[in-house]
Amino acid sequence: MVNCNWKATFRFITHSPKSFFQRRCIPPSRNPTFLPSASTSEFLCLGQRVFPFFNSLSNRVDITEGCIGMPSAVLRKCYGSTAGLVQRNPKYSTLNDEDVSYFEGILGKKNVIQDEERLVAANTDWMHKYKGSSKLLLQPRSTHEVSQILKYCNSRCLAVVPQGGNTGLVGGSVPVFDEVIISLSSMNNIVSFDKVSGILVCEAGCILENIITFLDNEGFIMPLDLGAKGSCQIGGNVSTNAGGLRLVRYGSLHGNVLGLEAVLANGTVIDMLKTVLKDNTGYDLKHLFIGSEGSLGIVTKVSILTPPKLSSVNVAFLACKDYIICCWTDQNCFNTCDVLMELKRLEGKLLQEAKRKLGEILSAFEFLDIQSMNLVLNHLEGTRNPLPTMHNFYVLIETTGSDEAFDKQKLEAFLLHAMENELISDGVLAQDINQSSSFWHLREGIPEALMRAGAVYKYDLSIPVDKLYNLVEEMRTRLGNVANVVGYGHLGDGNLHLNISAPQYDDKILSQIEPYVYEWTSKHRGSISAEHGLGLMKANEILYSQSRETVQLMASIKNLMDPHKILNPYKVLPHSFSS
C-alpha cells in the first residue's frame, strides 16, 4: 500500500538551463530526491566530467590498433550484411596529379590534404567498421569553393563523399573505395540569428554543441540534441535527418529546418535558405536534401527555427514495475510470457500517462533495459546505479517548462498517479544539474559502453510502441548465450536501438541477426532506419521499408539530380537501382 503522505516529501530544485543545455558536467553533488520506495542513503554522483563519445579526427585510434578496451581482431570485420559485396564502379576516374593541382589552385595547398595519418582518420568511421582508401581530403571554406570542386569532379567523373563530424553508424560518411572526401569542417560560421523569431542561419560545418552554446547565450535552445553533439555537424545532422533525444517535444528536422542551401553534383548552387515560417510557392524541395545523406547534393547552409530557452527543467530516473518476483513467489499467476507482456504493457502505459498528464512540458522519454544498465555500470568508470537495486526496465523522463510551480505540480501529480497504479516501482528525482547529468550519462553512455564491451551489431528501428520490445526478446531466443542482446532508445517516439554485443564479429552471429531483424521490422510495418540513415550498411535493405515503386522513384530523382552518380556512391539506394 502506498503511503499517501509521500507526496509531501518531494523536493524539486530547478536547474540552471544555461548549464543544462550545454555540455553535461558531473562533479560531486547533493543527494537527489528519491521516490518513496527508494532508499534515502547517500547517492554518489559521478566524479568526473562527461566527454563526448565521438573524438575528433585528430584523436582517432588507428584501425589496426583497436579501440579502447576492444581487441584489434574485432576491427577487421569491415561491413557486415551484403555491403561487403560492393565492387568499385569502373566508370569513376582515378585521382591524378593534375586533379590535385587543380584543387590546390582553388583551395590552397593547406586545404588539400594528402597526409597519410589524417587520411586514415577521415577514411575510417568512429566504430572502425567501415574503412575506405581515399587519397585526398578537401577542406572548402565557402559554398563557392564547394561548387567549384563539384563542377570539376562531375566533369572528370570523380566520385566524392561529403563528410561532417564523421559520427555516423551506417558507413555513410566515409569512402567505400577511393572517393574524394569533401570535409565541411572549415565552413563553421553562424551567418545570422533573429532574436525575435528565433531563426538561426549557419554553415553546415558548425558543430552541434557550439550551436547549442551560442543559442544558450542568446536565450534559446537547439531543438536537436544528440550524444554525439561534441563532434557531429549540423550539415550531417540535416543530411541524415537526425532524431535525437527530444524529438518527442520538438519534432524532426523536417519540421525545424525552414530552408537550406545545397550544391548539386554539377556545381549548381540551389538557394532555398528561407527564413520565414510559411512558404507555399511550389514544391518544397528542401525536404529532398533532409535525410538524403549527401546523395543528391551537399548541404552548405541551413536555417533552423529554434525555441526559446525555458527556465524550469526536471529529470526523473524511474524503474518500471517488476512483476516476476511477486507473481512467481507470492501468486504464481503468470507464466514467463505473461510476465514479460505485463512488463511491456506497464511501460507502454507509463508513456501514455506521461503524455496525457505532463502534456506540453514532456521533453524526453527514454528507456533502457537491465542489460543496458549492466553494460554502463561495468564498462564506464565512475558510473553508479542511482537506485538501491537493479530492475528490468528504466525510464528517464525530462520535463521543460516556463512555470516552475506549475511544472512541479504536474510532475508531482504524475508521479503520484504512477506510484498508486504500480506503473513504477522505484525512482529518483534530480535535485540539480549535476544529478541530472549523471542520470543522462547512464542513458547516453550506452553506445560507449557497448564499444568497450567488444564487437557490436547496431540496429536503429522504428517499431510500434506496443511491439517495440518483442524484437529484443525474440533476438535473445534466437542467439541464446552467444551474444548479449541489449535494448534501449527513444520510447517517446517508438525508436528502438537494438544492439547485439559479442566478444568479436562472427558470421554465424550475423546470419542469425540478418535478415531476420529487417524481416521482423517489415512484418510489423516499422522502419529499418529510424534516425541513423541507410548509408552503405542498409542501402540494399531499403525495400523492407519502402515499396519497389517508391524506391524506383527515388532512383529517378537521383538520376535527374546526379546523372553521373558521383555523390556518395554505393549509399542509400540498392546497388541494382543505382547502377
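We did not get these values from a lab; they are worked out from the coordinates using the rules stated. Since the model is a prediction, treat every value here as computed from it, not as a measurement. Cβ placement follows ideal geometry from the backbone for every residue including glycine, while neighbour counts extend to all protein chains displayed.
Short version: ³J(HN,Hα) in whole Hz for each residue of the stretch 368-373, in order, from phi by Karplus 6.51 cos²θ - 1.76 cosθ + 1.60 (θ = phi - 60°), x for Gly and Pro, what are they?
8, 9, 5, 5, 4, 4
For the stretch 264-321 and the stretch 98-145, what is the separation of their C-alpha centers, rounded to whole Å?
Here the answer is 26 Å between Cα centres.
Near the amide H of Val180, under 5 Å away, which other amide H atoms are found, from residues 5 or more places off or on another chain, if H is placed in the peptide plane?
Ala159, Val160, Val161
Considering only C-alpha atoms, what is the centroid distance from the stretch 458-504 to the stretch 156-177, in Å?
27
Once you keep just the Cα pairs under 8 angstrom separated by 6 or more residues, what percentage relative contact order results for the stretch 502-579?
Details: 52 pairs, mean separation 24.1, N = 78.
Computed value for the stretch 502-579: 31 percent relative contact order.
Going by amide H atoms built from the backbone, whose H comes under 5 Å of the H on Leu258, apart from near neighbours?
Ser303, Ile304, Leu305
Go through Ser529, Leu510, Ser576 and say which Cα lies farthest out towards the positive end of the charge dipole of the stretch 500-579; charges sit on Cβ, +1 for Lys and Arg, -1 for Asp and Glu.
It is Ser576.
Can you tell me the dipole magnitude for the stretch 393-441 around its Cα centre, using point charges on the Cβ only (Lys, Arg +1; Asp, Glu -1), in Debye to the nearest 20? Intermediate results must be reported in sequence, preceding the final value.
Values: 2 positive and 9 negative charges, 16 e Å.
Dipole size: approximately 80 debye.
Which links in Lys538/Lys565; Lys508/Lys565; Lys135/Lys508 stretch past 23 Å when you go from one Cα to the other?
Lys508/Lys565; Lys135/Lys508
In whole percent, what relative contact order does the stretch 432-579 give with Cα contacts below 8 Å and a gap of six or more residues? Walk me through the intermediate numbers first.
Values: 173 pairs, mean separation 33.2, N = 148.
Relative contact order comes out at 22 percent.
With +1 assigned to the C-beta of every Lys and Arg and -1 to the C-beta of every Asp and Glu, and no other charges, what is the dipole magnitude of the stretch 192-297 about the Cα centre in debye, to the nearest 20? Can you show the working numbers first?
Numbers: 7 positive and 11 negative charges, 52 e Å.
The dipole magnitude comes to about 240 debye.
For the stretch 187-200, take each phi angle, set θ = phi - 60°, evaluate the Karplus expression 6.51 cos²θ - 1.76 cosθ + 1.60, and give the result in whole Hz per residue in order, putting x for glycine and proline.
With the stated coefficients, the stretch 187-200 comes to 9, 10, 9, 7, 7, 6, 8, 9, 6, 7, 8, x, 8, 9 Hz.
Let me check against my output: what whole-number percent is the relative contact order of the stretch 486-537, with C-alpha pairs under 8 Å and at least 6 apart? Please list the in-between numbers first.
Numbers: 20 pairs, mean separation 10.7, N = 52.
Taking the mean separation of contacting Cα pairs over the length of the stretch 486-537, I get 21 percent.
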